[in-house]
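**Q** First, the structure itself, so that you have it in front of you.
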Amino acid sequence: EKGGYEHFMIKEIHEQPKAIRDTMTSRISKDSDEVKLDDITLTAEDLKNIDKIFIVACGTAYHAGMVGKYVIEKLARIPVEVDIASEFRYRKPIINGKTLMIVISQSGETADTLAALREAKAQGARVIAVTNVVGSSVAREADNLLYTWAGPEIAVASTKAYVTQLIAMYIIALYLARLNGSMPVEEYRTIRDEMLSLPEKAEELLAKKEEVQKFAAQNFMHKDIFYLGRGLDYTVALEGALKIKEISYLHAEAFAAGELKHGPIALIEQGTPVIALASQEDLFDKTLSNIKEVITRGAKVLAIAMEGKKDAEKSVDEVIYIPKTLQLLAPVLEVIPLQLLAYYTAVQRGCDVDKPKNLAKSVTVE
Ligand code: M6R
């Protein structure tokens, strides 16, 4: 059942190219300039009435939602707020008929996410559900649906569901942008074509897994590990830190790199492993200067950068290059080395990778 792999998690990490491809199939393709979403009934007229989008989710799905905010605001120019479901449901958010709510849930059964969906519906919002389980509660209760076709995810630590949630966010952003006319067709084609090449690039990246394994072997005993990034890289840093916490029980924290000086840099000591995400072209120099600051204080840095950024190499201990892509799409590739790092670290530490202590795959009670 694990297809020759030692754990479900590593099997699912390797299934990502296929999961990404399956989630795009029939929705975006080379022969059409439109995004096709069969289970979304929103019209251009409806969209004119929408002045605010909420994205609500928990855990990894929430991290995918953060990417959603960034891409929807950038491409469709509609204000988006992202919320943790357990916070959203108790904070009396301002929702009305002009609100579009997007809930993201792999299982479709997460109690807080479901409660947030119900609350939004009760107040007249339209709801799009992004879920991986056909016929799940979230799928049944939402008025619009977008399935992530990741296939069954068994490991508690979410990997392939996350990357398909990212794809869903890009698809929704493109759909809304085309619907409200905020994106010229040339720009649409550029993003679409690049998305269609992601499965192949993910495959290329998986072939480099030994590089990550090596770094994990050298650093798995350190008590803390920090993740840094700016913009979309910051959202992926949060996901990378969550992954390592869950399965290797190390203390991991993600910081927006620009926040370092506002406190967290005090924690860096000799040998502290720092994972620096530097895929965003327009923020590269800023992130690089943050990397230098932590190196000065003794950090051991693994950087993730886009191919072609040779500057990265000069300054850090190790660089993993991700295949060149649009910076908007970088999270899909960049998360892969972080998943591998969490996996190999957990294996080194002898942890129960697929069933970490204290965690359940689906959180159906508060
Ligand atoms: O099924 P859901 O997507 O609603 O689950 C949300 C979180 O419980 C889930 O993403 C959790 O954070 C994972 N264990 C992360 O790997």
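The values are calculated or read from the model by the stated rules, or taken from the named source; none is laboratory data. Only a predicted model underlies this, so the values are computations on that prediction, with no experimental measurement involved. Here the Cβ is made from the backbone with ideal geometry for all residues, glycine too, and neighbour counts use every protein chain on show. With ligands, DNA and RNA removed, areas are computed over all heavy atoms of the protein, side chains included. Shrake-Rupley method; radii C 1.70, N 1.55, O 1.52, S 1.80 Å.
**Q** Exactly one condition in (1) touching a residue at least 40 places away in the same chain (Cβ under 8 Å); (2) open to solvent by 10 Å² or more (accessible area, probe 1.4 Å); (3) β-branched (Val, Ile, Thr); (4) not in a helix (DSSP H, G or I) is not met by Thr60; state its number.
**A** It is condition (4) that Thr60 fails.
**Q** Provide a single number: the residues in the stretch 63-87 that are in a strand (DSSP E or B), over 24 Å from Ile191 (Cβ atoms) and touching a strand residue (DSSP E or B) at 6+ places or on another chain (Cβ under 7 Å).
**A** Going through the stretch 63-87 one residue at a time, the tally reaches 1.
**Q** Of the residues Ile55, Ile72, which is within 14 Å of the ligand (Cβ to nearest atom), among the β-branched types (Val, Ile, Thr), at pLDDT 95 or above and closer than 19 Å to Pro331 by Cβ?
**A** On inspection, the qualifying residue turns out to be Ile55.
**Q** Additional query: Which pairs turn up if I take residues in the stretch 161-174 that are away from the ligand (no atom under 12 Å from the Cβ) and look for partners that are acidic (Asp, Glu) with beta carbon separation below 9 Å, at least 6 apart in sequence or on another chain?
**A** Ala173/Glu73
**Q** Now for a different question. Tell me which helices (runs of 4 or more DSSP H) are completely within the stretch 265-366 and hold 3 or more residues being free of Cβ contacts under 8 Å to residues at least 12 places away in the same chain and open to solvent by 10 Å² or more (accessible area, probe 1.4 Å), or say none if there are none.
**A** 284-296
**Q** Can Phe8 be described as within 16 Å of the ligand (Cβ to nearest atom) and closer than 24 Å to Ile244 by Cβ?
**A** yes
**Q** Residue under question is Ala139, and the condition is that it be within 15 Å of the ligand (Cβ to nearest atom), part of a strand (DSSP E or B) and either in contact with an Asp or Glu (Cβ under 7 Å, 6 or more places away or on another chain) or modelled with pLDDT of 95 or more (or both); does it hold?
**A** So Ala139 does not fit the description; no.
**Q** So which residues in the stretch 186-203 are touching a helix residue (DSSP H, G or I) at 6+ places or on another chain (Cβ under 9 Å) and acidic (Asp, Glu)?
**A** Matches in the stretch 186-203: Glu187, Glu194, Glu200, Glu203.
**Q** Any residue in the stretch 182-211 that is within 24 Å of Glu15 (Cβ to Cβ) sitting within a Cβ distance under 9 Å of a residue that is of a type in the set (Lys, Arg)? List the pairs, counting only those 6 or more apart or interchain.
**A** Filtered contacts from the stretch 182-211: Arg192/Lys30; Asp193/Lys30; Leu196/Arg21; Leu196/Lys30; Leu198/Arg21; Pro199/Lys18; Pro199/Arg21; Lys201/Lys324.
**Q** Exactly one condition in (1) part of a helix (DSSP H, G or I); (2) farther than 22 Å from Gly181 by Cβ is not met by Ile94; state its number.
**A** (1)
**Q** Sticking with this structure for a sec: Output the residue which, of all residues in the stretch 320-361 that are away from the ligand (no atom under 13 Å from the Cβ) and among the polar types (S, T, N, Q), is farthest from Gly59 (Cα to Cα).
**A** Residue satisfying both the conditions and the ranking: Thr325.
**Q** Confirm whether Ile50 is more than 16 Å from the ligand (Cβ to nearest atom), modelled with pLDDT of 95 or more, among the aliphatic types (A, V, I, L, M) and more than 28 Å from Ser197 (Cα to Cα).
**A** yes
**Q** Counting just the residues of the stretch 79-89 that are open to solvent by 30 Å² or more (accessible area, probe 1.4 Å) and closer than 9 Å to Lys52 by Cβ, which one comes out farthest from the ligand (Cβ to nearest atom)?
**A** Once the filter is applied, the top-ranked residue is Pro79.
**Q** For the stretch 174-229, give me each residue that is outside any strand (DSSP E or B), out of contact with any Phe, Trp or Tyr (no Cβ under 8 Å at 6 or more places or on another chain), of a type in the set (A, V, I, L, M) and open to solvent by less than 40 Å² (accessible area, probe 1.4 Å).
**A** Correct list: Leu176, Met183, Val185, Leu198, Ala202, Leu205, Leu206.
**Q** Let me ask something additional. For the stretch 288-329, how many residues meet the condition of being out of contact with any Asp or Glu (no Cβ under 7 Å at 6 or more places or on another chain) and among the hydroxyl-bearing types (Ser, Thr, Tyr)?
**A** Residues in the stretch 288-329 being out of contact with any Asp or Glu (no Cβ under 7 Å at 6 or more places or on another chain) and among the hydroxyl-bearing types (Ser, Thr, Tyr): 3 in total.
**Q** Is it the case that the stretch 90-102 has a residue that's open to solvent by less than 10 Å² (accessible area, probe 1.4 Å), of a type outside the set (Lys, Arg) and either within 9 Å of the ligand (Cβ to nearest atom) or closer than 26 Å to Lys243 by Cβ (or both)?
**A** Yes: the stretch 90-102 contains one or more residues that are open to solvent by less than 10 Å² (accessible area, probe 1.4 Å), of a type outside the set (Lys, Arg) and either within 9 Å of the ligand (Cβ to nearest atom) or closer than 26 Å to Lys243 by Cβ (or both).
**Q** Hey, does the stretch 117-130 have a residue that's assigned to a loop (DSSP other than H, G, I, E, B), surrounded by fewer than 23 Cβ atoms within 10 Å (Cβ to Cβ) and within 14 Å of the ligand (Cβ to nearest atom)?
**A** no
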